[in-house]
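Report on the following structure.
Readers should treat all values here as calculations from the given coordinates under stated rules, not as data from a laboratory. Here the structure is a predicted model, which is why all the values come from computation and not from measurement. Cβ coordinates were reconstructed from backbone atoms using ideal geometry, including for glycine residues, and neighbour counts include every protein chain displayed.
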Amino acid sequence: MTVTVETLVRRFYDDLWNRFDTTLIPVLLTEDVTLRGALGRHAAGRAAFADYMQLVHGAFPDFEQTLDEVVVDTVGGSAFVRLRCRGTHRGALFGVPATGRLITYEGAARFETRDGRIADIWILGDLHSLVRQLRTERE
């Protein structure tokens, strides 16, 4: 059975991230996956990707991402998404200790696939909004 690019991307968010099911890393990601993450971090390989997930979940244990739009290039095996992120700030991030605030921000991501798995991820998050919420009172 061939898995579609859209199915891969939706599982990446719904099952891997939102359920924090790290057992799916080898199922969904190539061994040499590359990531340019929304927090300004880069990762190469599954282990580095798992470390990135731990960083995010350490700061936001209830981190959740909602897809607003998925656009797939079925010929090239790529996808673009618009998404919203939210989570409660329970651990230090960017030098800011836990605030207990609910943080929300938007982002976009581009995915490249290879051999039925995600091979490259480039996530652009609204870091300005994220940092502002961490350092100031909610508006």
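Are any residues in the stretch 61-87 surrounded by fewer than 17 Cβ atoms within 10 Å (Cβ to Cβ) and either more than 20 Å from LEU16 (Cα to Cα) or of a type in the set (Val, Ile, Thr) (or both), and if so, which ones? Those that are surrounded by fewer than 17 Cβ atoms within 10 Å (Cβ to Cβ) and either more than 20 Å from LEU16 (Cα to Cα) or of a type in the set (Val, Ile, Thr) (or both): THR66, VAL71, ASP73, THR74, VAL75, GLY76. Scanning the stretch 79-126 for residues being within 15 Å of VAL5 (Cα to Cα), over 16 Å from the mean Cα position of the chain (by Cα) and not acidic (Asp, Glu) gives a total of 2.
The number of residues in the stretch 65-91 being under 17 Å from ILE118 (Cβ atoms) and in a strand (DSSP E or B) comes to 11.
If you check ALA47 against the conditions, is it of a type in the set (A, V, I, L, M) and surrounded by 15 or more Cβ atoms within 10 Å (Cβ to Cβ)? No, not satisfied.
Looking only at residues that are in a loop (DSSP other than H, G, I, E, B) and of a type in the set (Gly, Ala, Ser) in the stretch 30-56, which one is farthest from ALA109 (Cα to Cα)? For the stretch 30-56, the residue satisfying everything is GLY45. Within the stretch 26-36, the set of residues being surrounded by fewer than 18 Cβ atoms within 10 Å (Cβ to Cβ) and either more than 19 Å from GLY77 (Cβ to Cβ) or not β-branched (Val, Ile, Thr) (or both) comprises PRO26, GLU31, ASP32, ARG36. Given GLY125, GLY40, which one is crowded, with 17+ Cβ neighbours inside 10 Å and touching a residue at least 12 places away in the same chain (Cβ under 8 Å)? Checking each option against the conditions leaves just GLY125. Listed by first and then second residue, the pairs with beta-carbon distance under 9 Å, at least 6 apart or on different chains, first residue in the stretch 95-114 and on the phi > 0 side of the Ramachandran plot, second part of a loop (DSSP other than H, G, I, E, B), are GLY100/HIS89; GLY100/ARG90.
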